[in-house]
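The values are calculated or read from the model by the stated rules, or taken from the named source; none is laboratory data. The model shown is predicted, which means the values in this text are computed figures rather than measured ones. Every residue, glycine as well, gets a Cβ built from its backbone with ideal geometry; the counts of neighbours run over all protein chains shown. Accessible surface is based on the protein model in full, side chains and every heavy atom, while ligands, DNA and RNA are left aside. Shrake-Rupley method; radii C 1.70, N 1.55, O 1.52, S 1.80 Å.
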Amino acid sequence: MTGPVWEQVTQIAADVLGADRASLDEHSGPEKIESWDSVQHLNLMLALESHFSLQFDPDEMDKMTTLGKITQVIQAHAGSPSSS
Amino acid sequence: MSQLRAQIDRWIAEGSGWGAAAGLHELLSAEGLSNATAAFALARYERLRPHLSLIPYKVAILRSFTVEPVIPILRVAGFRNGLDLTVQVGEFNVYAQEILDEASVLYGFDPQAVILAVDTRSVAPELWSEYADLSSRDAEAVVDRVCQQYRDWVQVFRRYTKAHLIVHELERPAFPAMGVFDGQSAPGQRERIAEINGRLRMLARETRGVYTLDYQGLVSRRGSDNWNDERKWRSVRLPIAAPHLPGLAGEWLRYLQPLSGRVAKVAVLDLDNTLWGGVVGEDGPTGIRLGSEHPGAAYQLFQRALLDLTRRGILLAVASKNNPADAMEVIEKHDGMLLRPHHFAALRINWNDKAASLREIAAELNVGVDSLAFLDDNPVERQRVRGELPEVMVIDLPEDPWKYATTIRECPFFERLALSEEDRHRTEYYTAEKQRVALESSSSTREDFLRSLEQVAEIAAVNPQTLARVAQLTQKTNQFNLTTRRYSEQQVTAMADDPACQVLSIRVKDRYCDNGLVGVAVTRDAGDACTIDTFLLSCRVIGRGVEAAFLAHMAEQARLRGKARLEGWFLPTKKNAPAREFYSSHGFEQVREEPQGSLWVLDLETKAAAWPDWIERGTQVEVTA
């Protein structure tokens with residue numbers, strides 16, 4: 001994955017999860033990254049909400065299980081006029 | 001910013017603690033404390049610990065909502081402000097059990113402070129979301145029940161621990177259930193919740209070491225439409241929107257900072273574009289922006305905030321690169337100035353390096369450099385001071401002068417949770433000190449000077465009126481302090497209640513002012529010895545014989561109680577060099593030397609500690625044991 005949203009998502013995920021940014025790809029998720037537990041998932045969601053000035057629905061938060069899916073959800077928010 | 005992150009990691013790898021700390025400061029200033037930045041910074045601060053001068057502090061949080069995402073933010077804010085916080089979070093909604101059970105995880109953790117972060121939804125759900133269904137009598141009953149619960153918790157808490165307790169006041173819903181009719185014909189929802197908060201504050205006032213946190217005020221400052229996130233509350237029990245989590249952490253820090261003792265005693269101020277707009281050397285006294293209207297009002301609001309600080313016992317000083325004549329003309333005569341020469345305990349208006357001026361100010365005021373906060377609009381000066389004097393609390397003034405006052409008002413370094421009469425008048429003491437210095441330089445001998453001061457010392461056992469000040473002195477006194485033992489009010493009370501223990505305070509007046517309560521001594525009897533547990537004096541009275549008078553009193557009292565020896569430890573710290581020679585110069589002999597300090601003894605049967613004859617004994621001195 002590429003693009004400005006992807007760049008920002010990986011930077012934030014690297015910060016929150018204490019991961020090396022170069023090791024992250026669109027399939028990275030709780031199953032691949034040990035530190036990605038439920039508390040860190042919430043931290044990640046909150047960090048993304050702050051950064052992109054939006055609020056996720058609880059349904060969305062459950063679906064955002066890989067960095068690829070997270071990026072898609074954020075891109076969808078950015079594309080809809082009702083977001084943020 | 002990813003370059004700065006990489007640079008910070010390189011500094012850490014190279015062992016450059018200061019570089020990494022400065023880099024983290026820059027990163028946090030630029031990005032704020034989001035959950036991502038906080039996570040990054042926390043991992044780095046953890047590694048930097050050995051390079052930083054930090055006060056460890058243990059906090060437990062009892063809560064009715066999700067606070068986990070706030071903890072890394074709180075800890076990073078703590079690290080940035082010189083605190084190494086260990087935080088324990090209680091399980092959901094078991095705060096009552098935790099408080100009421102002496103064997104709970106809470107008390108096992110032995111925290112220094114506990115935050116009771118309980119919200120209206122949990123503790124008074126009827127008042128939050130069912131108010132429309134309640135009769136007036138029902139509502140009253142709920143208020144009584146809630147207040148009684150808090151009272152029970154606080155009383156039990158006080159019995160089981162000496163920790164400080166910070167109680168969240170209750171928030172009210174953004175919209176009362178009855179709309180604009182609320183409170184129009186009978187006390188409404190808002191009044192019921194306000195009544196609980198009022199009673200909580202009363203409970204805090206009458207219970208030592210208990211404080212309330214104005215949660216509604218915090219939410220209002222940020223705007224409740226922005227603050228609350230109902231979706232997050234319903235899904236993950238987090239009622240606060242992501243961008244405001246640092247707001248809650250910051251509010252907690254406004255309590256933890258003064259409780260831990262890492263606070264500013266002096267605010268050192270720049271002048272041009274800080275206390276007024278423009279540069280007096282270029283714009284002239286009539287050209288600067290300062291007054292009650294736009295644009296000078298921003299600076300006047302800032303001055304008012306600073307004036308308020310002086311009433312909390314914080315001294316003001318100036319470190320400015322200016323021609324002294326230009327600057328003093330403004331300070332003495334400008335109509336818009338709220339601050340006048342007598343408000344400043346020290347002035348350094350010259351062309352010297354600011355770090356040098358800060359060192360001089362600390363020396364003149366007899367405080368450590370780490371008691372100074374530095375406020376300057378110029379980021380280059382701030383960066384230089386951070387580099388030269390990393391222990392100074394450098395405060396980042398925002399670019400917009402209209403935000404200066406708020407910056408001061410929300411800054412944890414200037415918060416106090418106990419204020420004594422001494423604090424309220426501290427600036428006046430320093431003005432009097434300047435007069436004393438003038439007297440000393442005009443006196444022909446040291447003894448003439450000491451006599452002409454006309455000092456009166458009153459020594460008394462600690463009592464409810466002096467308790468707060470006594471505890472505060474043990475917390476804050478660093479220089480003339482022989483053992484540097486810190487005591488809370490609860491601990492002082494426990495010692496005062498112990499028959500083998502004497503807790504004494506000394507008050508000193510002179511011809512210029514009443515210096516207030518300036519010293520504390522704690523002695524403990526065992527066998528035929530009386531041991532000095534604590535002996536400290538505020539620096540403003542050192543070198544005038546007050547320390548000898550206080551010691552003479554202790555020796556006299558110990559002898560009256562039949563003791564043969566007066567003994568005491570000197571425990572050296574980085575800061576208490578002024579007390580090092582005290583025992584040796586007052587007839588004590590060293591009997592032990594340990595890594596942590598030395599033990600000194602005065603043989604009461606063969607030696608006396610003389611009361612200096614130039615100090616009068618005040619009326620409250622107790623001569624009987």
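The table below lists the values:
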quantity	calculated
For A:Ile70: the one exception among (1) in contact (Cβ under 8 Å) with a residue 24 or more places away in the chain; (2) in contact with a Lys or Arg (Cβ under 6 Å, 6 or more places away or on another chain)	(2)
Residue under evaluation B:Ile55, criteria (1) within 14 Å of another protein chain (Cβ to nearest Cβ); (2) hydrophobic (A, V, I, L, M, F, W, C); (3) open to solvent by 10 Å² or more (accessible area, probe 1.4 Å), criterion not met	(1)
Test set (1) part of a loop (DSSP other than H, G, I, E, B); (2) within 21 Å of B:Arg424 (Cβ to Cβ); (3) open to solvent by less than 40 Å² (accessible area, probe 1.4 Å); (4) of a type outside the set (A, V, I, L, M, F, W, C) - B:Thr484 fails condition number	(2)
Residues located in the range B:72-128, provided they are in a helix (DSSP H, G or I), in contact (Cβ under 8 Å) with a residue 60 or more places away in the chain and within 14 Å of another protein chain (Cβ to nearest Cβ)	B:Ile73, B:Leu74
Residues of the range B:551-597 that turn out to be of a type outside the set (A, V, I, L, M), under 19 Å from B:Asn478 (Cβ atoms) and open to solvent by less than 40 Å² (accessible area, probe 1.4 Å), as a count	6
Per-region count, the range B:199-249, residues open to solvent by less than 50 Å² (accessible area, probe 1.4 Å), more than 30 Å from A:Asp57 (Cα to Cα), touching an Asp or Glu at 6+ places or on another chain (Cβ under 9 Å) and in a helix (DSSP H, G or I)	1
For B:Thr86: the one exception among (1) closer than 23 Å to B:Glu206 by Cβ; (2) open to solvent by 50 Å² or more (accessible area, probe 1.4 Å)	(1)
Answer from B:Leu338, B:Leu301 - the residue that is in a loop (DSSP other than H, G, I, E, B) and either out of contact with any Phe, Trp or Tyr (no Cβ under 7 Å at 6 or more places or on another chain) or of a type in the set (Gly, Ala, Ser) (or both)	B:Leu338
Search result, residues across the range A:44-56 that are open to solvent by 10 Å² or more (accessible area, probe 1.4 Å) and either touching a residue at least 60 places away in the same chain (Cβ under 8 Å) or not hydroxyl-bearing (Ser, Thr, Tyr) (or both)	A:His51, A:Phe52, A:Leu54, A:Gln55
Options B:Ala432, B:Ala418; residue that is of a type in the set (A, V, I, L, M, F, W, C), within 30 Å of B:Leu307 (Cβ to Cβ) and not in a helix (DSSP H, G or I)	B:Ala418
Checking B:Arg44 against (1) within 14 Å of another protein chain (Cβ to nearest Cβ); (2) closer than 13 Å to B:Leu256 by Cβ; (3) assigned to a helix (DSSP H, G or I), the condition it does not meet	(2)
Search result, residues across the range B:141-162 that are open to solvent by 40 Å² or more (accessible area, probe 1.4 Å), in contact (Cβ under 8 Å) with a residue 40 or more places away in the chain and within 30 Å of B:Val180 (Cα to Cα)	none
Residue ranges of strands (runs of 3 or more DSSP E) in the range B:535-625 with at least 2 members at pLDDT below 95 and closer than 21 Å to B:Glu458 by Cβ	B:615-617
Residue list for the range B:355-366, filter: under 18 Å from B:Ile331 (Cβ atoms) and at pLDDT 95 or above	B:Ser357, B:Ile361
Flag if B:Ala521 is open to solvent by less than 20 Å² (accessible area, probe 1.4 Å), at pLDDT 95 or above and in contact with a Phe, Trp or Tyr (Cβ under 6 Å, 6 or more places away or on another chain)	yes
Failed condition for B:Lys476, given (1) open to solvent by 20 Å² or more (accessible area, probe 1.4 Å); (2) touching a Leu at 6+ places or on another chain (Cβ under 7 Å); (3) among the basic types (Lys, Arg)	(2)
Candidates A:Asp25, A:Asp15 - the one that is farther than 24 Å from B:Arg231 by Cα and away from every other protein chain (no Cβ under 14 Å)	A:Asp25
Candidate set from the range B:62-71 (those that are within 13 Å of chain A (Cβ to nearest Cβ) and not in a helix (DSSP H, G or I)); member that is nearest to B:Gln97 (Cα to Cα)	B:Phe65
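Here's the yes/no breakdown for (1) surrounded by fewer than 23 Cβ atoms within 10 Å (Cβ to Cβ); (2) more than 19 Å from the chain's Cα centre (by Cα):
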| position | (1), (2) |
| --- | --- |
| B:Trp276 | no, yes |
| B:Phe302 | no, yes |
| B:Arg311 | yes, no |
| B:His334 | yes, yes |
| B:Arg340 | yes, yes |
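Here is a yes/no grid of residues against (1) touching a strand residue (DSSP E or B) at 6+ places or on another chain (Cβ under 8 Å); (2) modelled with pLDDT under 95; (3) within 29 Å of B:Leu256 (Cα to Cα):
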residue: B:Gln148; (1), (2), (3): no, no, yes
residue: B:Arg151; (1), (2), (3): no, no, yes
residue: B:Gln155; (1), (2), (3): no, no, yes
residue: B:His164; (1), (2), (3): yes, no, yes
residue: B:Leu170; (1), (2), (3): no, no, yes
residue: B:Pro176; (1), (2), (3): no, no, no
residue: B:Asp182; (1), (2), (3): no, no, no
residue: B:Ala186; (1), (2), (3): no, yes, no
residue: B:Gly198; (1), (2), (3): no, no, yes
